[in-house]
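**Student:** Just passing along the structure, written as structure tokens.
The values are calculated or read from the model by the stated rules, or taken from the named source; none is laboratory data. What you see is a predicted model; the values in this text were computed from it and never measured. Neighbour counts run over all protein chains shown; Cβ positions are idealised from the backbone, glycine included.
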Amino acid sequence: MAEAHPLMLYNTLTRRKEPFEPLDPANVRMYVCGPTVYDYAHIGNARPVIVFDVLFRLLRHLYGAEHVTYVRNITDVDDKINARAAEEYPDLPLNEAIAKVTTATEQQFHDDVAALGALPPTVEPRATQHINEMRRMIKALVDNGHAYVAEDHVLFDVPSMPDYGRLSNRSLEEMEAGARVEVAPYKRDPMDFVLWKPSKEGEPSWPSPCGIKTRGRPGWHIECSAMAEKHLGEMFDIHGGGIDLVFPHHENEIAQSRCAYDTPVMARYWLHNGFLQVEGEKMSKSLGNFITIHDLLQEWSGEVVRFNMLRTHYRQPIDWTRKGLEESRATLERWGEIYANCGGGVGEGWLPSVDVVDALKDDLNTPLAIAKLHELAKEAKGGAAAFAEQWAASAELLGLNANRWHGRSMSAAVLEATDPDLAHRIRRLVEARSKARKAKDFKKGDRIRDELAAMGIALNDSKDPETGDIVTTWEVLSSGAKEVAR
Ligand SMILES: [Zn+2]
């Protein structure tokens, strides 16, 4: 590894950028909080998926793919899941309904994040498959005096941990003042949080720990602590997630893990991505600006979505706008030509540019890495093969062409290079649609658009600023281009 530029990461725990030193360079370990599978993942959920995928790719590049373990969990036991299952399948027994909701949502999540070019994590543990580990951890916490049983619940005793609040930088007094007025009567301290709670009849339930007779289920925070320990050990290198998880979720994960195993830290580096807004406003269902990844992928390729996300540094808040997506698409369209010249992939032995790697090593500075990609693209367009190879390998380090490589989404130029016959048919259909629209035959135009959509092709109409004509470009969506029989 080049000693001159160590990997620097901003650590929420210490509030500064620090050189990254893994506990064991032969096994670099990272945990990122995954989805609770009850609904389509929204664009805010896509941010950690994309950001930590770039970090995963960078760590693999620096330490070797076989020396990095990335764990991202699936939360498949949660009150929100129960509520959604009861609402969607009122006639089914609750547990059957829950299985339907979680299986379908998990599949959808996997499809969505694959379309965004995210590599699958090394391990993707499910909470319901780690109940024993959670019970063991809860018992250890009760045994060593950091948790207590009350009314069939097990609660973490927050005042038993003197430096609780270090990650979020809050004092206990501050947090208690902010705690809700209504505190469950069985809590000794308003800040104490649930490790285990009793289940009602018909709800998912498991035998309870610590001699509790009623069956119950785990609290959310204990899931991550137990799964992280199982797959990464009592201490590991990096823990990531959205900034909204710092308090209370990550604070509580730390409290559980450190008190159960008597360790100085849970993870040594805590990384958090910033908030996401939509068109300058907070995303919410009530504002009607709630965007799911699934919705976005109907209109934009996964690569456009990913690129648009990476144009903003991960710690900055991001404003998700249509204008930004359009700019991202235009850039990728321009780059499609270089990509096609490289044969649509990354060849054996092609290495990313040092400038791009150095940009990423500086706390994942993706905007700078993209600026360097632009410079390389300029050289590559001049026809220099070495630059094109560096460009392709650098783009892949950002996960940008992985989509195309796996046939998931590609620009028109790449399809022209790899399947000219199909590209020709698509071009003729696009022209026929433009003609129909010019002749005000919108019905026919829409029919052709639907036909193209069925083939996995997305159209983009824009106005030529000089002539005022509508110009239509196209690209292959994440599902890939398909021949459709007429
Ligand atoms: Zn978590």
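**Student:** Is there a residue being within 30 Å of VAL51 (Cα to Cα), among the β-branched types (Val, Ile, Thr), in contact with a Lys or Arg (Cβ under 7 Å, 6 or more places away or on another chain) and part of a helix (DSSP H, G or I) anywhere in the stretch 411-424?
**Tutor:** yes
**Student:** Suppose we keep only residues that are within 16 Å of the ligand (Cβ to nearest atom), of a type outside the set (Val, Ile, Thr) and surrounded by 23 or more Cβ atoms within 10 Å (Cβ to Cβ) within the stretch 42-63. Which one would you say is nearest to PHE236 (Cα to Cα)?
**Tutor:** Ranking the qualifying residues of the stretch 42-63, first place goes to PHE52.
**Student:** Here is a follow-up. Looking at the stretch 143-157, I want the residues that are under 14 Å from ARG258 (Cα atoms) and have a partner that is among the polar types (S, T, N, Q) with Cβ atoms under 9 Å, at least 6 apart or on another chain. Which pairs are those?
**Tutor:** If the second residue must be among the polar types (S, T, N, Q), the pairs left are GLY145/SER160; HIS146/SER160; HIS146/GLN256; ALA147/SER160; ALA147/GLN256; PHE156/ASN252; PHE156/GLN256.
**Student:** If you don't mind, another one. Starting from the stretch 243-265, keep only residues that are over 18 Å from THR14 (Cβ atoms), then list their pairs with residues that are away from the ligand (no atom under 15 Å from the Cβ) and charged (D, E, K, R) whose Cβ atoms are within a distance under 6 Å, requiring at least 6 positions of separation or different chains.
**Tutor:** TYR261/GLU234
**Student:** Which of the residues belonging to the stretch 12-41 are in a strand (DSSP E or B) and surrounded by 20 or more Cβ atoms within 10 Å (Cβ to Cβ)?
**Tutor:** Matches in the stretch 12-41: VAL28, ARG29, MET30, TYR31, VAL32, THR36.
**Student:** When you scan the stretch 272-280, do you find a residue that is within 13 Å of the ligand (Cβ to nearest atom), surrounded by 18 or more Cβ atoms within 10 Å (Cβ to Cβ), at pLDDT 95 or above and farther than 19 Å from LYS323 by Cβ, even just one?
**Tutor:** yes
**Student:** How many residues are of a type in the set (A, V, I, L, M, F, W, C) and more than 16 Å from SER301 (Cβ to Cβ) when one looks only at the stretch 322-351?
**Tutor:** Residues flagged as of a type in the set (A, V, I, L, M, F, W, C) and more than 16 Å from SER301 (Cβ to Cβ) within the stretch 322-351 amount to 5.
**Student:** GLY336 - would you say it is touching a residue at least 12 places away in the same chain (Cβ under 8 Å), closer than 30 Å to MET137 by Cβ and surrounded by 17 or more Cβ atoms within 10 Å (Cβ to Cβ)?
**Tutor:** no
**Student:** Let me confirm something: among ALA26, ALA65, ALA41, which residue is of a type in the set (Gly, Ala, Ser) and touching a strand residue (DSSP E or B) at 6+ places or on another chain (Cβ under 9 Å)?
**Tutor:** ALA41
**Student:** I've got another one for you. With respect to ARG29, determine if the residue is more than 16 Å from the ligand (Cβ to nearest atom) and of a type in the set (D, E, K, R).
**Tutor:** For ARG29, the condition - more than 16 Å from the ligand (Cβ to nearest atom) and of a type in the set (D, E, K, R) - is not met.
**Student:** Of the residues that make up the stretch 284-292, is at least one within 15 Å of the ligand (Cβ to nearest atom) and either within 30 Å of ALA458 (Cα to Cα) or over 20 Å from the mean Cα position of the chain (by Cα) (or both)?
**Tutor:** No; the residues of the stretch 284-292 include none that is within 15 Å of the ligand (Cβ to nearest atom) and either within 30 Å of ALA458 (Cα to Cα) or over 20 Å from the mean Cα position of the chain (by Cα) (or both).
**Student:** Give me the residue from the stretch 217-228 that is surrounded by fewer than 24 Cβ atoms within 10 Å (Cβ to Cβ) and more than 10 Å from the ligand (Cβ to nearest atom) and, out of that set, farthest from PRO48 (Cα to Cα).
**Tutor:** Step by step, filter the stretch 217-228, then rank; the result is ARG217.
**Student:** Scan GLU201, GLU174, GLU182 and give me the residue that is over 22 Å from ASP78 (Cβ atoms) and either out of contact with any Ser or Thr (no Cβ under 7 Å at 6 or more places or on another chain) or surrounded by 13 or more Cβ atoms within 10 Å (Cβ to Cβ) (or both).
**Tutor:** The unique qualifying residue is GLU174.
**Student:** Would the stretch 254-270 turn up any residue that is more than 16 Å from the ligand (Cβ to nearest atom), of a type in the set (Gly, Ala, Ser) and not in a helix (DSSP H, G or I)?
**Tutor:** no
**Student:** Here is a follow-up. Looking at the stretch 87-94, can you tell me whether even one residue there is more than 16 Å from the ligand (Cβ to nearest atom), assigned to a helix (DSSP H, G or I), touching a residue at least 12 places away in the same chain (Cβ under 8 Å) and out of contact with any Asp or Glu (no Cβ under 8 Å at 6 or more places or on another chain)?
**Tutor:** Checked against the condition, which is being more than 16 Å from the ligand (Cβ to nearest atom), assigned to a helix (DSSP H, G or I), touching a residue at least 12 places away in the same chain (Cβ under 8 Å) and out of contact with any Asp or Glu (no Cβ under 8 Å at 6 or more places or on another chain), the stretch 87-94 yields at least one hit.
**Student:** What are the residues in the stretch 439-452 that are free of Cβ contacts under 8 Å to residues at least 24 places away in the same chain and either touching a helix residue (DSSP H, G or I) at 6+ places or on another chain (Cβ under 8 Å) or in a helix (DSSP H, G or I) (or both), if any?
**Tutor:** Scanning the stretch 439-452 gives PHE442, LYS443, LYS444, GLY445, ASP446, ARG447, ILE448, ARG449, ASP450.
**Student:** While we're looking at this one, here's another question. Is it true that ILE243 is surrounded by 24 or more Cβ atoms within 10 Å (Cβ to Cβ), within 16 Å of the ligand (Cβ to nearest atom) and at pLDDT 95 or above?
**Tutor:** Answer is no for this residue.
**Student:** For the structure I just gave you, tell me whether LEU195 is surrounded by 13 or more Cβ atoms within 10 Å (Cβ to Cβ), of a type in the set (A, V, I, L, M) and out of contact with any strand residue (DSSP E or B) (no Cβ under 7 Å at 6 or more places or on another chain).
**Tutor:** In short, no.
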